[in-house]
Structure formats: structure tokens, C-alpha cells
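Written below as C-alpha cells is the structure these notes are about.
The values are calculated or read from the model by the stated rules, or taken from the named source; none is laboratory data. All values reported here derive from a predicted model rather than from experimental measurement. Virtual Cβ from ideal backbone geometry, glycine too; neighbours counted across all protein chains shown. Heavy atoms of the whole protein, side chains included, go into the accessibility calculation; ligands, DNA and RNA do not. Shrake-Rupley method; radii C 1.70, N 1.55, O 1.52, S 1.80 Å.
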2 protein chains.
Amino acid sequence: MLTLGMAYTSAAQDSLLFRKISSEIMLHGTCYDNLRVLCKTVGHRISGSPAAANAVLWGEKAMKAAGADKVWLQAADVPYWYRGKESLYLKMGKDYKQVEALSLGNSEGTGGKTLELPIIMVHNYDEFKALPESDVKGKIVFFNYRFRQDFIFTFEGYGDAVKYRGGSPSVAAAKGAAAVIIRSMSTGEDDFPHTGAMHYIDSIKKIPEMALGNTTSDMLEQACMKGTVMAKMTSECHMMPALVRSYNVIGEIKGTETPERIITVGGHLDSWDVGEGAMDDGAGCVQSIEVIRAIKALGLTPKCTIRAVLFMNEENGQKGGQAYADSALAKHERHVLAMESDAGGFSPRGIGLVMSQSQKDKVLTYKHLFLPYGVYDFTREEGGSDIDPIGKKLKVPMAGLVPDTQRYFDLHHTNNDIFENVNHRELKLGAAVLAQFIWLVSEQGLD
Amino acid sequence: MLTLGMAYTSAAQDSLLFRKISSEIMLHGTCYDNLRVLCKTVGHRISGSPAAANAVLWGEKAMKAAGADKVWLQAADVPYWYRGKESLYLKMGKDYKQVEALSLGNSEGTGGKTLELPIIMVHNYDEFKALPESDVKGKIVFFNYRFRQDFIFTFEGYGDAVKYRGGSPSVAAAKGAAAVIIRSMSTGEDDFPHTGAMHYIDSIKKIPEMALGNTTSDMLEQACMKGTVMAKMTSECHMMPALVRSYNVIGEIKGTETPERIITVGGHLDSWDVGEGAMDDGAGCVQSIEVIRAIKALGLTPKCTIRAVLFMNEENGQKGGQAYADSALAKHERHVLAMESDAGGFSPRGIGLVMSQSQKDKVLTYKHLFLPYGVYDFTREEGGSDIDPIGKKLKVPMAGLVPDTQRYFDLHHTNNDIFENVNHRELKLGAAVLAQFIWLVSEQGLD
């Protein structure tokens with residue numbers, strides 16, 4: 001009976017502590033204000049850019065203000081993709097009209113020259129494969145694949161569609177195409193084009209790729225069904241020849257009982273070079289800093305060492321995540337959990353678990369504690385790109401915050417990913433759930 | 001084994017049908033477009049106003065376009081509260097400055113005259129009770145009660161705070177106060193004042209009441225702590241002397257097997273006279289119409305009769321809900337379920353159940369069907385104001401859509417409750433869950 005009594009007391013204490021963490025963050029959290037500063041004073045911050053360097057300084061300052069015992073920078077050499085000027089004109093009626101378009105990240109441009117060429121539209125790779133080379137050669141291929149709105153968990157729709165962003169230039173160039181236009185990976189009922197990473201196959205000619213928003217894509221689709229549409233594409237984008245020295249920003253609370261056991265919670269500091277990188281992933285950064293702040297503000301002293309990490313270069317290289325893993329490996333660090341928030345600052349719904357079944361089972365014994373915070377879904381195997389290297393190289397259990405996904409792919413990688421589209425309560429509630437989970441693992445372990 | 005096999009087949013068919021309903025609405029739903037038309041061509045539409053009459057015409061047209069077998073208007077005589085011109089100036093420094101303020105719904109104004117009086121601040125009713133009458137007499141009382149952000153389910157915070165909106169003028173007038181200013185029932189980190197219903201005690205003098213947004217409330221709080229703040233309050237608002245003939249809009253699909261059994265799904269058509277009534281409750285209206293449209297578009301033939309009802313006058317009288325119940329009673333209609341969506345067009349999370357335990361238990365056997373749509377919470381006893389009369393008078397089981405609540409009280413009853421703050425996917429997903437639940441009850445019953 002004593003054991004049962006102790007277990008009961010412990011469960012009640014956990015529940016109480018969860019409430020304390022949540023109330024601290026909902027009432028006094030600084031993550032929303034931090035996000036405002038990041039978005040409005042630094043703005044977007046692609047890896048290697050001067051803005052990314054400013055973001056590192058911002059992160060260091062914010063981490064210190066949160067009360068971390070120790071704050072440091074960890075070097076990572078990152079690629080720097082530069083957009084420059086770009087434009088796309090389509091002749092869908094009598095005259096050319098400029099449309100909203102964005103070159104895809106990592107893409108080569110037209111070298112500042114203008115390609116004036118006809119467009120050939122396909123809806124998917126099967127249609128493209130069926131085309132004879134003569135229909136493709138010297139043309140701009142429009143991959144008009146529609147993001148499937150019928151997937152309720154929008155990351156499934158993204159997973160389904162994203163191959164057209166990543167791979168279509170090499171597929172098209174292999175048949176002699178001169179450039180590619182894609183319908184964005186977008187759930188938006190609007191005209192925001194979405195940028196994002198693309199990758200060339202080295203042996204194939206590197207041709208430019210641009211994305212259109214859904215409204216323009218719909219218009220282009222209609223126009224292509226009526227006849228040949230001409231395009232004038234101009235872009236200066238290119239990958240800079242040299243890597244740039246950049247940094248992860250790390251803030252730490254030293255553990256009391258087992259300081260050698262490290263728990264990481266992070267987001268990524270870089271963004272695409274559009275909007276303000278508010279949801280992707282300013283949100284994850286300020287939430288991770290909030291975990292440190294809340295623990296300190298509540299006077300909690302975790303058994304394990306807790307590190308908040310603002311990773312650099314998630315979007316097009318994951319060099320920050322790799323540097324973090326390499327450093328941990330070199331120093332023989334003992335990591336017990338790595339957790340990431342990189343799916344937007346929306347209301348939390350779940351915690352993704354990438355770990356052994358017995359570790360999952362242990363987490364599930366605490367499931368009821370999370371329900372009052374709207375967190376019920378522990379079924380997804382989602383960690384995060386930045387923690388993936390440490391997860392794999394050091395066999396560290398991983399977790400990922402799973403927020404509501406309905407709005408993410410309206411905003412993601414667009415000029416509309418701005419501070420105003422983040423809700424203060426949703427952001428804070430996500431931070432609270434991160435802090436609760438981190439605290440639980442620190443105190444109760446996963447094994 | 002045959003029974004088990006049949007049960008299995010039935011469960012699989014339910015799951016498939018849920019998917020069909022969801023895909024129909026996510027891919028082809030018209031509720032978002034309908035909401036745009038309602039918000040942008042009718043706009044806000046307080047009961048009794050010309051705009052409310054336009055909204056009735058809009059609703060009738062939209063219901064017909066959705067394919068309802070029969071569409072009709074049901075008369076309800078409603079109050080008409082008229083705002084007119086209003087202003088509030090505060091002297092927080094050397095000079096008077098105008099601030100954002102809204103008279104509360106049903107409130108009497110200053111009759112167009114200007115009250116220039118000192119403000120006395122209290123934080124809650126306990127503080128107010130402790131004040132001597134001499135401190136209150138002839139002054140404007142500022143009830144500076146803060147919406148508690150530490151409640152995760154924000155309706156709890158609303159329930160906690162709303163007594164200061166509804167009852168404070170009579171409380172204050174009983175001690176001789178001349179007017180009341182309140183901090184809005186608002187989670188917003190902004191300066192939007194929130195209107196909403198207030199009620200006088202008949203035997204006490206009816207004094208004016210105005211609401212401030214959080215930013216101005218914070219400033220006024222600071223100023224009151226430093227010394228006496230003067231205010232100039234002017235307003236013309238008043239209740240019109242006569243009721244106005246208005247209508248509920250009803251669209252019906254006739255049931256095939258048991259047409260006498262009626263299922264109602266509704267939202268309310270009236271709104272406050274600010275913003276566009278997008279979340280409150282344009283969303284519930286267009287979602288209810290979507291239920292009709294989706295069932296028709298899929299060629300489904302429900303066993304029971306399904307009615308979508310756009311109720312009039314939820315905000316300050318519930319006359320539409322009463323008329324609906326009275327009509328059902330007079331006609332001896334047999335209602336098996338009434339469901340409402342009036343908590344905003346956000347991602348659904350649950351379905352509130354106000355019914356017997358055995359009926360709840362039956363619903364819970366279908367819980368797993370809703371999980372892929374993010375619906376997991378069946379614990380709340382939430383129906384809706386409009387269905388409350390029929391629920392009570394005819395003892396009809398009630399249900400309420402429970403969406404995510406984080407953003408609702410940022411927007412509710414403000415000039416910021418506009419179409420642009422509704423997300424198309426969240427709105428449609430809510431409609432899908434309504435349609436799924438309605439379909440399930442139609443085909444499987446609750447008993």
C-alpha cells in the first residue's frame with residue numbers, strides 16, 4: 001500500500017507540476033515577445049546570409065535573458081544560396097503579365113538572362129514520362145501537381161507532393177527541358193508561391209526552377225488547356241561558391257543529480273529568404289528558449305542537463321544538426337533525449353516518438369497528464385531534421401512536437417510566414433508541452 | 001461469427017463513409033466561399049437590423065444552392081439594439097485622448113450627452129463591495145478584471161470573466177455609479193474592445209457600459225494607480241422600443257426510412273454589430289449548410305430527416321431558438337438530435353454531448369472513427385444556446401462541435417472577427433465532423 005500511495009502522490013505531483021509549467025508559460029511566457037523581436041528586427045535569415053549572423057546574435061542574447069546557466073555558439077560551416085533578382089512573365093492572353101513566382105532554394109537561375117520559351121504542362125511524373133522528347137526539348141515544363149487537400153494530416157499531403165519540388169528539374173532536364181515551373185506545395189487558397197529545397201542530380205544539366213502560387217497555377221492551367229503559353233523567366237539565383245562559417249546557439253541548464261545525462265530541445269534558426277520565418281521555425285526557437293526560461297523562473301532544478309539548441313541550416317544542408325551530433329560524438333556525451341519543434345507554433349496535439357517500444361510504453365503511462373493540454377496523439381514517428389543526426393549517430397531517442405497541421409502549408413516557405421500569423425496562446429501552449437515533456441524525461445527517464 | 005463479420009463490415013463501411021464525407025468537403029466544400037459572401041456582402045448583422053434581413057435572404061439562397069429538398073423561413077420576433085455614435089476620451093496624462101471603446105450590447109447610452117466624470121478602478125467584485133458608497137457615487141467604475149490566460153480551455157476563462165460584462169452596471173448603479181467601463185473578455189494581446197450581451201436588473205438605474213481592449217486597459221490601469229483619471233463618455237445606444245419580425249432559415253433533406261425523426265444541425269445567423277461575424281457565428285452557419293450540400297453531393301439518402309437551421313438572435317435574446325422549439329412542440333415533431341456549431345471555425349477537437357449516459361456510451365463506441373479527423377474529446381457537456389430551448393422543452397439529446405479554443409476570445413465580438421481570420425481547412429474540417437456525426441446518428445440512432 002505504501003508503494004501505491006507513493007505512486008499516487010507522484011502522479012498528483014506530476015499533474016501539479018504540469019499545471020505550474022503551463023501557467024508560468026501562459027501567464028508570463030516571453031516566447032511570443034521573443035518571436036516578435038526575431039521576426040521584426042532580424043526578419044528572414046537564410047543560412048550563410050548576414051541576417052543569419054544577426055539571428056545568431058539575437059539567439060545568444062535571448063538565451064542569456066532566459067537565464068541559461070551557460071550559453072555558447074557551436075560552429076557549423078553552411079552553404080549560402082543567394083536569390084538576387086527574379087521575375088516571371090506569362091503570356092496567357094494577348095500580353096505578357098508578371099506573376100508572383102519564387103525560385104526554389106538551391107536552384108540555379110538563368111544567370112540574369114531572360115529565357116523566353118513556350119510552356120508545356122503536365123500534371124504528374126507519369127504524364128511527363130509519356131511525353132516524347134520532342135515535346136519537351138527547349139521548353140519550360142509546368143509540373144501542375146495539386147497538393148492533396150483530402151489528407152487531414154497535412155504533412156501527408158506535403159510528403160505526397162514534395163517530389164515535384166525537389167526532383168523535377170533533373171527529371172525535366174534529362175529530356176532536354178530548359179526550365180521548370182511548379183505549382184507550389186501549398187494548401188493556400190491564395191497566390192503565395194512557396195520556396196523550399198530542391199536538389200540536382202549532378203550528372204544532369206542544372207536548369208532553373210520556379211514556383212507559382214495556387215491562384216496563378218489555376219490560371220496557367222486554364223491557359224495551357226487552351227493553347228501554348230509563352231513565358232519569360234529571369235533569375236540571378238545561385239549557390240555561393242564557398243561555405244560560410246555560422247553557428248548553432250546553445251543554452252544549458254546544468255543537471256543536479258545526473259548532469260552527464262543531456263536532454264536537447266530545439267528548433268532551427270535559419271529560414272528561407274522570404275517572409276519572416278515565423279512558423280518555420282522562429283516558433284520552435286522561441287519555444288525552446290521558453291523551456292529554459294520557465295524552468296529557471298519556477299526555480300526547478302532538473303536532474304539531467306537540459307539544452308536548448310537553435311540549429312543553423314536546417315533548410316538546405318542540416319549542417320547545424322550534423323555539427324551538434326559530431327560534437328556530441330567527439331566528446332562522448334551521453335544524450336538521453338533529443339526533441340524538436342519544427343512544425344509551426346500551432347496548438348499542440350501530440351508528441352511524436354522515435355524510440356524503442358519499451359520507451360514508448362513508458363511515455364504512454366504519462367499520456368493522461370498531457371490530455372488537459374490538448375495532447376492526445378503519441379502515434380506519430382516524428383522527430384525533426386536537426387536532431388536526426390544525433391538520433392542516428394548516437395542512437396538517441398527522439399521526440400517531436402506535433403501541433404495542429406491545418407494552417408502550416410498555407411504559410412510555410414512563403415512571404416506570408418510572418419509574426420502576425422502566429423497566435424500567442426497557441427505558441428505558448430506548444431512551449432508548455434515541450435517543457436512538460438522535457439521535465440518528465442529529465443525526472444523520470446525513459447528506461 | 002456471422003454477427004462479428006457483419007459488425008466488422010459495418011465498422012469498415014462507417015470508416016469509409018467518414019472518409020468520403022471528409023474528402024467531399026475538403027476537396028469540394030463550398031462553406032469557405034459561402035462565408036466569404038456572407039462576410040463581404042452582408043457583413044455584421046445584429047438582430048433586427050436591415051443587415052440581418054439581408055442575411056436571411058443570403059441564407060435562403062445558400063441553402064437552396066446546397067441542394068436542400070425544402071427551404072423555408074420560420075418567423076421570430078427579435079429585439080433590435082442600436083449602437084449609434086459613441087466615443088470615449090480618457091485623460092491619462094495632460095490631455096484627453098480618444099481610445100478604442102465599444103458599448104456593450106443591450107446597454108443604454110448617455111443619450112448622446114457627454115458624461116465627464118472621474119474613474120474609480122477595481123479589479124473584481126470583492127474590491128468593489130469593500131468600497132464605501134461615497135467613493136463610487138457619481139463616478140465611472142472601471143472593472144479591471146483580467147481574462148485568465150492560464151485556463152487552457154478558453155471557455156473556462158470566459159465563464160470566469162463574463163460576469164463583469166453582464167452584471168457590473170447594475171452592481172455599480174446600486175451604489176450610485178454613473179457608468180461602467182470594463183476590461184474586455186479578451187485573450188487578445190491587442191487593443192480590440194469586445195462587445196457582447198449585458199443585462200440590467202430592472203429595479204436598478206440603467207447606466208451605460210463600455211468595454212476597452214487589453215492595451216488601453218493596461219494603460220488605464222497604470223494611470224489609475226498614479227492618480228485620478230477623468231473620462232468623457234458619449235453614446236447613443238439604446239434598445240429599440242418594438243420587436244422586429246425576423247426569421248430562422250431552415251433547409252431540410254427528407255429522411256427515407258423514418259422521415260418523422262428529425263436531426264437538427266445549426267449555427268446562428270445574427271452577429272454583434274462589429275467586424276463581420278465570421279467566427280461568431282458565420283462559421284457555424286456555413287458549416288451547417290455544408291452538411292446538407294455534402295450529403296446531397298455524395299448522393300446519400302439519410303434514414304432520418306436532416307435539417308440545417310440558421311438561428312436568428314442568439315446574441316441577445318435567443319428568440320430564434322425559442323421559435324424553433326415552440327414550433328416543434330406545437331407540431332408534435334419528433335427530434336432525435338440537435339447539434340450546434342457556435343465556438344468558431346477552428347480545427348475540431350471534440351463533440352460535446354448533452355444526453356443520457358446510455359446515449360453517450362453509444363456515441364463513444366464510435367469514438368475511433370473520429371480520431372483520424374483530430375476529434376478525441378467527448379467529455380464536455382456542451383450543446384449550444386440556440387438548441388437549448390428544443391433540448392429542454394422537448395428533451396432532445398444535444399451535441400456541440402468543440403473546436404480548438406485558443407484563438408476564439410481574441411476575435412469574438414470584435415471588429416477583428418472577419419473572414420480573413422478563418423482558415424479554409426479548419427472551417428471545412430469542422431463541417432466534415434458535423435456531417436459525420438449527423439450521418440452517424442441518422443443511420444445508427446442514439447438508442
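Taking only the Cα atoms of the stretch B:142-181, the radius of gyration and Dmax are 12.0, 37 Å. Computed over chain A with a Gaussian network model linking Cα atoms closer than 10 Å, the most mobile of A:258, A:215, A:365 is A:365. Between copies, residue A:61 shows label-point distances of 5.4 nm, shortest first, with the point placed 7 angstrom from Cα along Cα to C-beta.
Distances between copies at residue B:241, taken between label points 7 Å from Cα along the C-beta direction, are 8.8 nm in increasing order.
Shown in residue order for the stretch A:350-360 are the 3J(HN,Hα) couplings computed by the Karplus curve 6.51 cos²θ - 1.76 cosθ + 1.60 at θ = phi - 60°: x, 10, x, 10, 10, 6, 5, 4, 5, 5, 4 Hz (x for Gly and Pro).
Projecting the Cα atoms of B:112, A:277, B:415 onto the charge dipole of the protein assembly as shown, computed from C-beta unit charges around the Cα centre, puts B:112 farthest toward the positive end.
Interface burial in the stretch B:420-447 reaches 50 Å² or more for B:424, B:425, comparing the full protein assembly with the chain by itself; accessible area from heavy atoms with a 1.4 Å probe. Toward the positive end of the charge dipole of the stretch A:164-250, with +1 on the Cβ of Lys and Arg and -1 on the Cβ of Asp and Glu, the farthest Cα among A:200, A:228, A:248 is that of A:200.
Residues considered: A:37, A:354, A:286. Largest GNM mean-square fluctuation over chain A, using C-alpha springs under 10 Å, is found at A:37. Quote the total accessible area buried by chains A and B together, excluding ligands, DNA and RNA, probe 1.4 Å, nearest 100 Å². What A and B bury together is about 2700 Å².
Counting only DSSP H runs of at least 4 residues, each contributing -39500 (n - 2.57), and dividing by the residue count of chain B, the helix-based mean residue ellipticity at 222 nm comes to -10500 deg cm²/dmol. The mean sequence distance of close C-alpha pairs (under 8 Å, at least 6 residues apart), as a share of the length of the stretch A:329-447, puts its relative contact order at 40 percent. Given their separation in residues at 0.36 nm each and the Cα-Cα distance between them, residue B:129 and residue B:226 gain 32.7 nm when the chain is fully extended. How far, in degrees from 0 to 90, does helix B:214-226 lean away from the longest principal axis of the Cα atoms of chain B, to the nearest 10? Helix B:214-226 and the main axis of chain B meet at about 30 degrees.
Determine how many Å³ per residue the convex hull of the Cα atoms of the stretch A:224-276 encloses.
210 Å³
Measuring max minus min along each principal axis, the C-alpha atoms of the stretch A:236-332 give extents of 54, 32, 14 Å (largest first). Computed from backbone phi with θ = phi - 60° and the Karplus coefficients 6.51, -1.76 and 1.60, the 3J(HN,Hα) list for the stretch A:369-379 is 5, 8, 4, x, 9, x, 9, 9, 9, 10, 8 Hz; x is used for glycine and proline. Near residue B:137, which aspartates and glutamates are there with a Cα under 17 Å away, not counting those fewer than 8 places off in the same chain? Leaving aside aspartates and glutamates fewer than 8 places away in the same chain, those within reach of residue B:137 are B:116, B:127, B:209.
At the listed q of 0.10, 0.11, 0.14, 0.17 Å⁻¹, the Debye profile of the stretch A:289-447, built from one uniform point per Cα, gives log10 I(q)/I(0) equal to -0.36, -0.44, -0.73, -1.09.
Nonpolar atom fraction for the stretch A:57-104, defined as the carbon and sulfur part of the 1.4 Å probe accessible area, stands at 49 percent.
Calculated on the Cα set of the stretch A:89-162, radius of gyration then Dmax: 15.2, 42 Å. Around the Cα centre of chain A, unit charges on the Cβ atoms of Lys, Arg, Asp and Glu (plus for the first two, minus for the last two) sum to a dipole of about 500 debye.
Considering the protein assembly as shown, its Cα convex hull presents a mean projected area of 43.0 nm².
State in Å² the accessible area per residue of the protein assembly as shown; use a 1.4 Å probe, count heavy atoms of protein chains only, and round to the nearest integer.
Heavy-atom SASA per residue in the protein assembly as shown reads 37 Å².
Computed over chain A, the P(r) tail beyond 27 angstrom holds 53 percent of alpha carbon pairs.
Summarise the accessible area of the stretch B:299-427 (1.4 Å probe, protein heavy atoms) by the percent that is carbon and sulfur. List each step's numbers first, then the result.
Details: 2050 of 4080 Å².
On the stretch B:299-427, the fraction of accessible area on carbon and sulfur atoms equals 50 percent.
Computed 3J(HN,Hα) for the stretch B:234-249, one whole-Hz value per residue from the Karplus formula 6.51 cos²θ - 1.76 cosθ + 1.60 where θ = phi - 60°, is 9, 7, 10, 5, 5, 7, 5, x, 10, 5, 10, 5, 9, 8, 7, 9, glycine and proline marked x. Amide H to amide H distances under 5 Å link residue A:377 with A:350, A:351, where only residues 5 or more positions off or on other chains count and H is placed in the peptide plane. Rounded, prolate or oblate, given the Cα gyration tensor of the stretch A:359-435, with a/c below 1.5 counting as rounded? Oblate. For chain A, the longest principal axis of the alpha carbon atoms and the long axis of helix A:50-65 meet at an angle near 10°. Here the dipole of the stretch B:348-447 is about 280 debye; that uses its Cα centre as origin and unit charges on the Cβ of Lys and Arg (positive) and Asp and Glu (negative).
Structural descriptor for the stretch A:254-340: relative contact order 46 percent, calculated from alpha carbon pairs under 8 angstrom and at least 6 residues apart.
To the nearest 10 degrees, how steeply does helix B:319-330 sit against the main Cα axis of chain B, on a 0 to 90 scale? Between helix and principal axis, roughly 40 degrees.
What you get for the protein assembly as shown, charging only the Cβ of Lys and Arg (+1) and of Asp and Glu (-1), is a dipole of about 100 debye around the Cα centre.
When A:407, B:45 are compared by accessible area of protein heavy atoms, the largest-first order is A:407, B:45, using a 1.4 Å probe. Here the Gaussian network model covers chain B, with springs between Cα atoms less than 10 Å apart; of B:237, B:285, B:31, B:237 fluctuates the most.
Please report the antiparallel percentage of DSSP beta bridges with both residues in chain A, rounded to the nearest 5. Bridges in chain A are about 55 percent antiparallel. Here is how far apart the residue A:96 label points are across copies: 6.0 nm, shortest first, using a point 7 Å from Cα toward Cβ.
Close amide H partners of residue B:256, meaning residues 5 or more places away or on another chain with modelled amide H under 5 Å apart, are B:303, B:304.
The relative contact order of chain B, computed from alpha carbon pairs under 8 Å that lie at least 6 residues apart in sequence, is 22 percent. Taking amide H positions as modeled 1.01 Å from N, with prolines and chain starts lacking one, the residues under 5 Å from residue B:270 and 5 or more places away or on another chain are B:313, B:314.
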